[in-house]
4 protein chains.
Amino acid sequence: MAVVMDQAALTAFLARDFAQVAEDFTVTRVEEDLLEVRLNVEARHLRPGGTVSGPSMFALADVAMYLAILARLGPVALAVTTNCSIDFMRKPAAGRALVAQARVLKLGRVLAVGDVLIWSEGETAPVARAGLTYSIPPAQ
Amino acid sequence: MAVVMDQAALTAFLARDFAQVAEDFTVTRVEEDLLEVRLNVEARHLRPGGTVSGPSMFALADVAMYLAILARLGPVALAVTTNCSIDFMRKPAAGRALVAQARVLKLGRVLAVGDVLIWSEGETAPVARAGLTYSIPPAQ
Amino acid sequence: MAVVMDQAALTAFLARDFAQVAEDFTVTRVEEDLLEVRLNVEARHLRPGGTVSGPSMFALADVAMYLAILARLGPVALAVTTNCSIDFMRKPAAGRALVAQARVLKLGRVLAVGDVLIWSEGETAPVARAGLTYSIPPAQ
Amino acid sequence: MAVVMDQAALTAFLARDFAQVAEDFTVTRVEEDLLEVRLNVEARHLRPGGTVSGPSMFALADVAMYLAILARLGPVALAVTTNCSIDFMRKPAAGRALVAQARVLKLGRVLAVGDVLIWSEGETAPVARAGLTYSIPPAQ
């Protein structure tokens, strides 16, 4: 699947249309089969004990898949998450950023499906995995 | 399943152990088969367009199930979410609080499983549903 | 949501269009908010130890939601399962039928979403729960 | 993670302990990071129209993850599926076998988590994906 928005275009899109959360995320790789996003962990993402909260990992998985779809559909898309099944497998390392890699497995007329793996930066064992489905709005 | 922490005890627990998010949530009902929590929607929970974000709905489902488990196990539990499968079905009404109802379907030795329905306050059609699994730590 | 196919109509539909599995299932209740199906357990549904297999429980959840959607849409529908998240919570009782209750939570233009609970007949603690999404084909 | 049961050992295990379904499946690859199983499609796996049924794809995903866990734990394990979230993305090609590839992402003391991709043999676009969790029984 060809990429129609690159790292710079996706970063500008986030800053303009999702200003509230744009500083949380850094798009680090955009390839045909893979999109990588970094969660720049701040105090507001943490649970007692200093590890990243579940909702913050969910948000990271969700934005990674959203950007992976946009990279292929372009900025006109108003794709909406319809399902996410997320497994929390290990406690994230304290004081580390998280890195998510998303791949799109299906980009259909009405649904897009993909999965995401999340790691603490610099670790090899994943902390979470998710499968996500997005609904694609009809072309105008 | 008998309730061992009531509305006041759960509210105090949230305020003490989850101070960072405690003001987001109000425990509104604690019964044998049902726990209800309200998300007090603020600007930080919204997406462009004024509707509650997916991560905020995930956070609400997660805290509702967590409190439903604690209500039965008591405050010593350090239960951890291991899986959440959430369906986003309708756009929440703008400018409305969200209400989640959680029920525990299994409270086992190592795993607790339940589900959650979420509505915009005052509406009857649910905006989201989730199934969640928590890992229960071994008794000390 | 009004019911447009009743118990007899759904049973005839299964027999005609799903002859291969029709004898596995008995439609036992069709109401506005609830559809109930029974899995008539045979040797082919069992795992070593005599309990019903995971795939048989999946099949039961899937058919229950399918029939609950058809009950509202009528027999023209070619709805297709797009996602199922199923939790296996307890071992089914040996030598017992399983009963599934399905409810439709959303019946949209392109997607239908609902959930299913499954019990061993005569028991009160559920053995499995599932959330399912079906894709609804465009009207002809 | 080291492999302690190879292709021959897993095949013999299936034939002995799951005689009822053993002929449905052929273990085709067992590597450190990947286990591959083939569903030998027969009439009983098909839906009207000649494509493989959802329950048959679920069964394939489930057995692939089960064998991937056994390959690492050995034949003593009585692992039990606790959750499966499966996305059906494309209709399988008629008259083709299905191939599943499973990878174990976490092998913990009480839970194992992994994911599975399924293709029609000879095709490149996956027909289904699943995330699965197994409960690992305490060592005797």
If Rh is defined by the Kirkwood formula over all Cα pairs and Rg also comes from Cα, what ratio Rg/Rh do you get for the protein assembly as shown?
0.94
Here the residues of the stretch C:104-138 lying in the modelled label zone of A:Val110, meaning backbone nitrogen under 20 Å from a point 7 Å along Cα-to-Cβ, are C:104-115, C:131-138
Provide a whole-number value for the mean count of partner chain Cβ atoms within 10 Å of the Cβ atoms in peptide C:49-57.
4
Express in whole angstrom the spacing between the alpha-carbon centres of the stretch A:59-126 and the stretch A:1-38.
12 Å
Quick one: what Rg and Dmax do you get for the stretch B:66-140 from the alpha carbons, in Å?
14.1, 45
How far apart, in nm, are the 7 Å Cα→Cβ label points at B:Met1 and A:Lys91?
2.3 nm
Along the charge dipole of the stretch D:7-135, Cβ charges K/R +1 and D/E -1, which of D:Ala19, D:Pro75, D:Gly54 sits furthest on the positive end?
D:Gly54
Trypsin sites (Lys or Arg not before Pro) within the stretch A:32-140, DSSP loop, no more than 10 other Cβ atoms inside 10 Å
A:Arg109
Using Cα pairs under 8 angstrom and six or more residues apart, how large is the relative contact order of the stretch D:7-135, in percent?
24 percent
Residues with amide H under 5 Å of B:Thr82's amide H, sequence separation 5 or more or different chain, H placed in the peptide plane at 1.01 Å from N; which?
B:Thr133, B:Tyr134, B:Ser135
If I model chain C as equal point scatterers sitting on the Cα atoms and use the Debye formula, what is log10 I(q)/I(0) at q = 0.11, 0.12, 0.19 Å⁻¹?
-0.37, -0.44, -1.08
Roughly what would the spin-label model give for C:Glu121 and B:Arg44, points 7 Å off Cα along C-beta, in nm?
5.4 nm
What is the magnitude of the charge dipole of the stretch B:7-135 about its Cα centre, with +1 placed on the Cβ of each Lys and Arg, -1 on the Cβ of each Asp and Glu, and no other charges, expressed in debye to the nearest 20?
200 debye
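Just so you know, all these numbers are worked out from the coordinates, no wet-lab data involved. These figures come from a predicted structure and were not determined experimentally. Glycine gets a Cβ as well: all are built from the backbone with ideal geometry, and neighbour counts include every protein chain shown.
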